[in-house]
Amino acid sequence: MAGLLIVASTGPQDATRASIPFHIAVNGAKPHGTQVAIALAGDAAELVKPDVIANVLGQGLPPLRDLLDKCLEQDVPFYV
């Protein structure tokens, strides 16, 4: 089966764009049976810091903290 690697490069300065890769992974790809992983590059590497995660609230998306929790529940790996 083919898999999906989502590469994110937007950091917390644009909360909506930073949250989209996680949203696609746990609410789109993984529930439909696609193997998915997330790679955090550049500014997106900041998103794994606990004090940053709590403050990333994209418009129209769940909080990043919730999306990361779903990544852990669904075994979605991410690479920094």
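The values are calculated or read from the model by the stated rules, or taken from the named source; none is laboratory data. These numbers come from a predicted model, not from an experiment. For neighbour counting, all protein chains shown are included, and Cβ atoms are generated from backbone atoms with ideal geometry for every residue, glycine included. For accessibility, only protein heavy atoms count, side chains too; no ligands or nucleic acids. Shrake-Rupley method; radii C 1.70, N 1.55, O 1.52, S 1.80 Å.
Side notes on the structure shown:
- Every residue from the stretch 53-80 that is over 15 Å from residue 7 (Cα atoms), outside any helix (DSSP H, G or I) and open to solvent by 70 Å² or more (accessible area, probe 1.4 Å): 55, 57, 59, 60, 75
- The combined condition, being outside any strand (DSSP E or B) and either closer than 21 Å to residue 3 by Cα or in contact with a helix residue (DSSP H, G or I) (Cβ under 9 Å, 6 or more places away or on another chain) (or both), is fulfilled by residue 44.
- The residue of the stretch 16-52 that is surrounded by the most Cβ atoms within 10 Å (Cβ to Cβ), among those that are more than 20 Å from residue 74 (Cα to Cα) and touching a Pro at 6+ places or on another chain (Cβ under 9 Å), is 44.
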